[in-house]
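Here is the structure we will look at.
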Amino acid sequence: MIELQKVTKSYGSSHSEAVKDISLKVAEGELLALLGESGCGKTTTLKMINRLIEPTSGTISVKGKDITSLDPVTLRRQIGYVFQGIGLFPHMTIAENISIVPELLNWEKDKIRERTAELLALVGLEASQYKNRKPAELSGGQKQRVGVARALAAGSKIMLMDEPFGALDPITRNELQQEFSKLRQELKLTVVLVTHDIMEALLLADRIAVMQKGRLVAVGTPHEMMSLKDDPYVSSLMQTPRSQFEKLDQLLDRKDAGHE
Amino acid sequence: MPAMSENLMRQLQLLPDYLGSHLLITISALSLGIIVCLPTAIAVTRIKKLRWPVLSFASVMQTIPGIALLALMVPLLGQIGFVPALVALFLYSMLPILRNTVTGISEVDPSLIEAARGLGMTSNQMLWKVELPVALPIIIAGIRTSTVWVVGTATLSTAVGAKSLGNYIFSGLHIQNHTSVLVGCIAAALLAMILDSLIRLSEIAVTQRNAFKGGLAALGLIIVLFGGLSSYAFKFDSSESRPIISIGAKTFTEQYILSDLMATMLKDAGFNIDTRSSMGSTILFDALKNGEVDCYIDYSGTIWANHMKRSDTKSADIVLQEMTDWLKEKHGVLCLGAIGFENTYALAVKKGLAKSLELESIADLSKHSPNLLIGSDYEFFSRPEWFAIRDNYNLNFDETVSMDHALMYAAIDANRIDVVTAYSTDGRIAAHDLVILRDPKQALPPYDAVLLLSPQAAENKNLIKALMPIIGSINNQLMQQANMMVDIDKEPTQKAANYLAENIIE
Ligand SMILES: Nc1ncnc2c1ncn2[C@@H]1O[C@H](COP(=O)(O)OP(=O)(O)O)[C@@H](O)[C@H]1O
Ligand SMILES: [Mg+2]
């Protein structure tokens, strides 16, 4: 569905590349997590897929077509994008924010209205209550939901999501992650999810691509990642969830023991 | 109290005329400002190279004092009245609109721009759907600032011959009619506040999408426009086919009285007239040359020194003759003749000071001048007449103080200045216990009041016939009486004009 071949991006004349020689495939209906610490080039990689950034070298294709052969505006309207920091327009109501792409595609008014209500329901917001509010009148979690609804609005099957559940409290984050997991399976979405949260990647992704300083260091299923031993960076990365699991295990054991 | 309210009533009768003209200039300048500046500002945010030159130009326009900008437009555009006022005020309105629009658009959160792009908006759609709406409050704030500035500065368009609420202020200041000044200031302030609130209301209506508030704002604007302009439009409508004779006046009492006198005489002769008072001296002469003003009273010495650039002094008759010939040949302007009185610049001191320092003529001043302060109007110290007296009599004053003519008498009363340059017909010389110092060397040219007609008016036999009675009919004493009625007794200028008309020497 999405394929990157030897993609490199360097910003301006600075010698170090933000993204170096990345080759990657995302299959239809798959959720691929791009995992890595801040500044490793995840956002840059994601933006190149919908031509918000042009690669310095390499080719990217979507649905088998080289994206440089496509009009960037048309391409972007076919790919849902959830921005790091959401980027809801403050002067527009929730309904207007969600209907941006359908409007750009000149859908009929009635169809847009129906679609908006449907999407709000899909992301768990009561349409009658929220559609006429401004973004400032929503909580962080609600804004994230609207951001997802906006990305889904035109029915695109491909979603690019840049840390969509970051900056949320753990309870809300967990709830949203679960709901999204269900949603993307129902809608059979192909998703590239950028995250720096190892747990999130392990829990949501079909496959994880680990980036370090602009390079792709490992790709595999969550299970493969946990058992991968030969890459020192990946195993040190996986050390964190592993030790958390152990600690939790201990806590659970003690609690169980106490009851007996 | 009755006198006060009578004065107020008289002022308020002028309101439709002044307000209508003021509103027309203001709204036109602002509309032009918005129509030109919004697209320019948008272009500036797209083409970064334009930013510096465009904003610098607007800033420079802003730093030029309003009165100077207005006055500069007159020679630049070669006309007086509405057009130079419009252009100057338009230039004046630019900066806040430009700067706020540029700032507003360039400060839109970049993550919003990126989101707009990422969702598939074209650059145009981004502008209309995101950048302009997000920047709207800042853009509107700029327009509101401009509105308030332009309403205020438009009062200065009086000086370039466009009627405005400034007519109240200029004439009120010069003839010390405080009611008139207050009416002008309050009307301008109210107009600024009303326009400002209406724009604010429209903004709220747009951002809240409140049709009721939108309707209210639109209704308010319509009321202001129609209310302000109706009398004005009506005046144009009812003006018959008779041509309008435009009478000019400079900014001092005598000029207001004489323009009222001419207006009365021309009205009686069946002419349609229009008075343009409180105009700058050189602007008025230029306006006469190109026929935008048909007639006004000037002084032979002023023409001699300022326009003919003569620094030699000749007798009154020769000055009058040479001036008449020069005006005719050079500009086609007709000098209909001398009115009969002379209004020269004269140096005056308090009687007490004259006695203690034994001052009798300007020559006696020279040895005392280093210890004395001299005050005059804004023009005098840069006029050739001043250089002539200064050099002829070796004057070397401690300080020269420029101030409004009307304030000079209060200043000498309060001993803030020792010597004033008075006009010899000024009724206040006697009233303030001043004595005029003689000019034995005749350093100052003669200042016979003369009636000048524009080249077009010079062809108009009926006009000449109607104005002829003024020639040679008002002597110094009569003019001084009339001036005193206004300056000391606070009578309206029209009353003084009527007094002159009754006492004209046949
Ligand atoms: N517009 C830009 N200009 C120059 N350098 C940039 C730009 N955007 C990102 N970078 C640099 O590229 C690297 C990768 O950035 P990014 O892709 O945003 O990382 P991540 O999303 O993984 O945190 C960083 O070192 C960052 O400083
Ligand atoms: Mg990032």
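The table that follows gives values for the structure above.
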{"item": "Residues (open to solvent by 20 Å² or more (accessible area, probe 1.4 Å) and either in contact with a Cys (Cβ under 6 Å, 6 or more places away or on another chain) or within 30 Å of B:Thr26 (Cα to Cα) (or both)) located in the stretch B:108-135", "result": "B:Trp128, B:Leu132, B:Pro133, B:Val134"}
{"item": "Single residue of the stretch B:136-161 satisfying the filter (open to solvent by 20 Å² or more (accessible area, probe 1.4 Å) and not β-branched (Val, Ile, Thr)) that is farthest from the other protein chains (Cβ to nearest Cβ)", "result": "B:Leu156"}
{"item": "Residue within the stretch B:53-71 that is small (Gly, Ala, Ser) and within 14 Å of chain A (Cβ to nearest Cβ) present", "result": "no"}
{"item": "Residues (hydroxyl-bearing (Ser, Thr, Tyr), within 24 Å of A:Val148 (Cα to Cα) and more than 9 Å from every other protein chain (Cβ to nearest Cβ)) located in the stretch A:54-90", "result": "A:Ser61"}
{"item": "Subset of the stretch B:362-378 that is more than 14 Å from B:Tyr345 (Cβ to Cβ) and small (Gly, Ala, Ser) - its residue that is surrounded by the most Cβ atoms within 10 Å (Cβ to Cβ)", "result": "B:Ser369"}
{"item": "Filter result for the condition that a residue is in the same structural domain as B:Glu459 (by TED's automatic domain parsing) and not in a helix (DSSP H, G or I), over B:Thr324, B:Thr302, B:Thr313, B:Thr400", "result": "B:Thr313"}
{"item": "The stretch B:424-473, subset part of a loop (DSSP other than H, G, I, E, B) and among the small types (Gly, Ala, Ser), residue modelled with the lowest pLDDT", "result": "B:Gly427"}
{"item": "In the stretch A:34-52, residue farthest from ligand 2 (Cβ to nearest atom) [restricted to those that are polar (S, T, N, Q) and part of a helix (DSSP H, G or I)]", "result": "A:Thr45"}
{"item": "Filtered residues of the stretch B:103-125 (kept if part of a loop (DSSP other than H, G, I, E, B) and within 7 Å of chain A (Cβ to nearest Cβ))", "result": "B:Leu119, B:Gly120, B:Met121, B:Thr122"}
{"item": "Near pairs, Cβ below 9 angstrom, 6+ apart or cross-chain, from the stretch A:153-166 (among the acidic types (Asp, Glu) and part of a loop (DSSP other than H, G, I, E, B)) to any residue that is within 12 Å of ligand 2 (Cβ to nearest atom) and open to solvent by 20 Å² or more (accessible area, probe 1.4 Å)", "result": "A:Glu163/A:Thr43; A:Glu163/A:Gln84; A:Glu163/A:Gly85; A:Glu163/A:His196"}
{"item": "In the stretch B:391-405, residue farthest from B:Arg428 (Cα to Cα) [restricted to those that are of a type outside the set (Phe, Trp, Tyr) and either surrounded by 19 or more Cβ atoms within 10 Å (Cβ to Cβ) or in contact with an Asp or Glu (Cβ under 8 Å, 6 or more places away or on another chain) (or both)]", "result": "B:Leu395"}
{"item": "Failed condition for B:Pro133, given (1) over 42 Å from the mean Cα position of the chain (by Cα); (2) within 7 Å of chain A (Cβ to nearest Cβ)", "result": "(1)"}
{"item": "Residue in the stretch A:57-78 that is open to solvent by 30 Å² or more (accessible area, probe 1.4 Å), within 16 Å of ligand 2 (Cβ to nearest atom) and at positive phi present", "result": "no"}
{"item": "The stretch A:5-25, residues that are within 28 Å of A:Gln177 (Cβ to Cβ), away from ligand 2 (no atom under 11 Å from the Cβ) and surrounded by fewer than 22 Cβ atoms within 10 Å (Cβ to Cβ)", "result": "A:Leu24, A:Lys25"}
{"item": "Answer from A:Gly220, A:Gly214 - the residue that is modelled with pLDDT of 90 or more, farther than 13 Å from A:Leu32 by Cα and open to solvent by less than 30 Å² (accessible area, probe 1.4 Å)", "result": "A:Gly214"}
{"item": "Residue match in the stretch A:63-74 (condition: more than 30 Å from A:Leu138 (Cα to Cα) and within 14 Å of ligand 1 (Cβ to nearest atom))", "result": "no"}
{"item": "Condition broken by B:Ala211, with the remaining ones in (1) open to solvent by less than 30 Å² (accessible area, probe 1.4 Å); (2) without any contact (Cβ under 8 Å) to a residue 40 or more places away in the chain satisfied", "result": "(1)"}
{"item": "Residue list for the stretch A:152-171, restricted to those being more than 16 Å from ligand 1 (Cβ to nearest atom) and under 24 Å from A:Ile198 (Cβ atoms)", "result": "A:Met159, A:Leu168, A:Asp169, A:Pro170, A:Ile171"}
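Rundown of residues vs (1) within 21 Å of A:Ile79 (Cβ to Cβ); (2) more than 15 Å from ligand 1 (Cβ to nearest atom); (3) modelled with pLDDT of 95 or more; (4) within 14 Å of chain B (Cβ to nearest Cβ), yes/no style:
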| residue | (1), (2), (3), (4) |
| --- | --- |
| A:Met1 | yes, yes, no, no |
| A:Tyr11 | no, no, no, no |
| A:Ser16 | no, no, no, no |
| A:Lys20 | no, no, no, no |
| A:Val26 | yes, yes, yes, no |
| A:Ala33 | yes, no, yes, no |
| A:Cys40 | no, no, no, no |
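The values are calculated or read from the model by the stated rules, or taken from the named source; none is laboratory data. Everything quoted here is computed from the prediction, not taken from an experiment. We place every Cβ from the backbone using ideal geometry, glycine too, and count neighbours over all the protein chains shown. For the accessible areas, the whole protein counts, side chains as well, though only heavy atoms, and no ligand, DNA or RNA atoms are used. Shrake-Rupley method; radii C 1.70, N 1.55, O 1.52, S 1.80 Å.
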